[in-house]
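A.B. asks: Here it is, the structure in full.
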Amino acid sequence: MKKLILAFFAAASLAACKKSTTETPQQVEGLIKLSNKVSNTPYSPTNPLLKDANTDFEIGAAINEGKFGNALYTGLASSQYNSITAENQMKFANIQASQNVFTYGTNVTNFAKNNGINRVHGHAIMWYSGVPAWVTNAGGSATGETRKQIYRSILYNHINKVFSFYYTQKDANGNPLVKSWDVVNEAFNDDGTYRSNATNVWARELGAYDAIRLAFLYARQIADGLGDTNLKLFYNDYGHEYSNAKTDAIYNLVNTLKVITSNNKPIIDGVGLQMHTSNTRTVTGNTNSIYYGISKMSATGLLVHISELDIKLNGGTVADQDYRWYNIPKIYRDLVPSARRWGITLWNIGDSDNWQGTAAAATLYAPTTYAKKSAYTNFYKGLNE
Ligand code: XIL
């Protein structure tokens, strides 16, 4: 019993230390178990802002230009967050629907600029999904090296044009507004194998690993060539919180990429865990859990971004959701040293806007009214306490 009490106080004092970065895995595990509840402490701020709940890292939202007509939506998007991701506008298919015709949607970057938000996270360059038909068919009847060269040029040209354009968009301090990009998105299956050639055109044409390596290499070379030397390059995926095999595959991939350099600089800076999760995923423990995914990504030594967070109601209770809203930011703070926290980005604003549908109730705000749900309070506390 005495030991238990002592362990509690050790863990509690660690929890109180915002920037605690030196815990051993056992200590962290103990701390997680003890924080494994929804907080009962009173919720003090009268006009809380998520971006102020923990100033150690940014709190982002993915937003969609189609919603800008709703003042409740734009009011929250402009006030609560200090990082913005375009839900769709900066994806390959949206920017280059036809070969060499580039449509740089600026609604989202302008929204950030006009509202004094100084960080946009770019999403995404190489993705198996949303690839325009012209890319899929670009190889024609070419074979061998000629065919590979067609796809290498498409990739290089896309990154070059996109990075060059967004580099012209500056924040209030005159620095590039787009601070980071998901260079590669979702290259793995849940069992840790690469997506097949049948599903992923990039893997089909360039080889699963080589496609990824080339995307990061070109991205680094192009960014540095532009003088965009602080641009952070991320590998982004989902499923860390339920598939250890996938987490391990991602871990191995990024460990391979991080020792590849261009001009003495690693070609990758960070990993994104999308964390489209639900009230049934386990939070604690070392296997099959949110804890495992975050700790393994932290162990890469790279920047760690929770990049697309939403928590859907999957047959359970709101209390189960709230418990995760509270614990996910807590675990993130406990496992990722502050200097490597790229932040937590939520996937769109309210339940009416989230891609999982209104019934999934996967966000912080109620449908239509945008009233703050108990999810909001719990997420705020998980960031702050
Ligand atoms: C989703 C958007 O939310 C939808 O609006 C769109 O129809 C499809 O893409 N992983 C990602 C995101 O990396 O880009 C996806 O966004 C959600 C899953």
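A.B. asks: What ranking do 88-95, 324-331 get when scored by the average of other Cβ atoms within 10 Å per residue, highest first?
C.D. replies: Going by the mean number of other Cβ atoms within 10 Å, highest first, we get 324-331, 88-95.
A.B. asks: Follow-up question, since we're still on this one. Please tell me which of these pairs span more than 19 angstrom C-alpha to C-alpha: Lys246/Lys296; Lys113/Lys372; Lys179/Lys372?
C.D. replies: Violating the 19 Å Cα-Cα cut-off are Lys113/Lys372; Lys179/Lys372.
A.B. asks: Express the relative contact order of the chain as a whole percentage, based on alpha carbon pairs under 8 Å and six or more residues apart in sequence.
C.D. replies: 17 percent
A.B. asks: Also: Show me 315-322, 73-80 ranked by packing, highest mean number of other Cβ atoms within 10 Å first.
C.D. replies: Descending mean neighbour count gives 73-80, 315-322.
A.B. asks: Under 8 Å for C-alpha pairs, at least 6 residues apart: give me the relative contact order for the range 141-227, rounded to a whole percent.
C.D. replies: It comes to 31 percent, rounded to a whole number.
A.B. asks: By per-residue mean of other Cβ atoms within 10 Å, what is the highest-first order of 298-311, 97-110, 200-213?
C.D. replies: Ranked from most to least packed, the peptides come out as 298-311, 200-213, 97-110.
A.B. asks: Still on this model: Hey, how many Å between the Cα centroid of the range 160-214 and the Cα centroid of the range 49-121?
C.D. replies: Comparing the Cα centres of the range 160-214 and the range 49-121, I get a distance of 18 Å.
A.B. asks: Rounded, prolate or oblate: which fits the range 190-239 when a ≥ b ≥ c are the square roots of the eigenvalues of the alpha-carbon gyration tensor, with rounded for a/c under 1.5 and prolate only if a/b beats b/c?
C.D. replies: Oblate, because a/c is 1.5 or more while a/b does not exceed b/c.
A.B. asks: If each of Asn173 and Asp248 carries a label point 7 Å out from its Cα toward its Cβ, how far apart are those two points in nm?
C.D. replies: The answer from the label model is 4.2 nm.
A.B. asks: Testing the spin-label approximation: label points 7 Å from Cα along Cα→Cβ at Phe102 and Asn115. State their distance in nm.
C.D. replies: For the pair Phe102/Asn115, the computed spacing is 2.6 nm.
A.B. asks: Considering only DSSP beta bridges whose two residues both sit in the range 252-385, what percent are antiparallel, to the nearest 5?
C.D. replies: 20 percent
A.B. asks: Still on this model: Which one of Asn230, Asn64, Asn189 has the biggest mean-square fluctuation once the chain is modelled by GNM with Cα springs under 10 Å?
C.D. replies: Its mean-square fluctuation being the largest, the pick is Asn230.
A.B. asks: How far, in nm, would the chain grow between Ile260 and Asn230 when pulled straight, counting 0.36 nm per residue and subtracting the alpha carbon separation?
C.D. replies: 9.1 nm
A.B. asks: Check cross-link reach from Lys91 to the aspartates and glutamates: straight Cα distance under 17 Å, and skip same-chain residues fewer than eight apart.
C.D. replies: Cross-link targets: Glu65, Asp182, Glu186, Asp237, Glu308.
FYI, it's all coordinate maths here, none of it is from the lab. Since the model is a prediction, treat every value here as computed from it, not as a measurement. Virtual Cβ from ideal backbone geometry, glycine too; neighbours counted across all protein chains shown.
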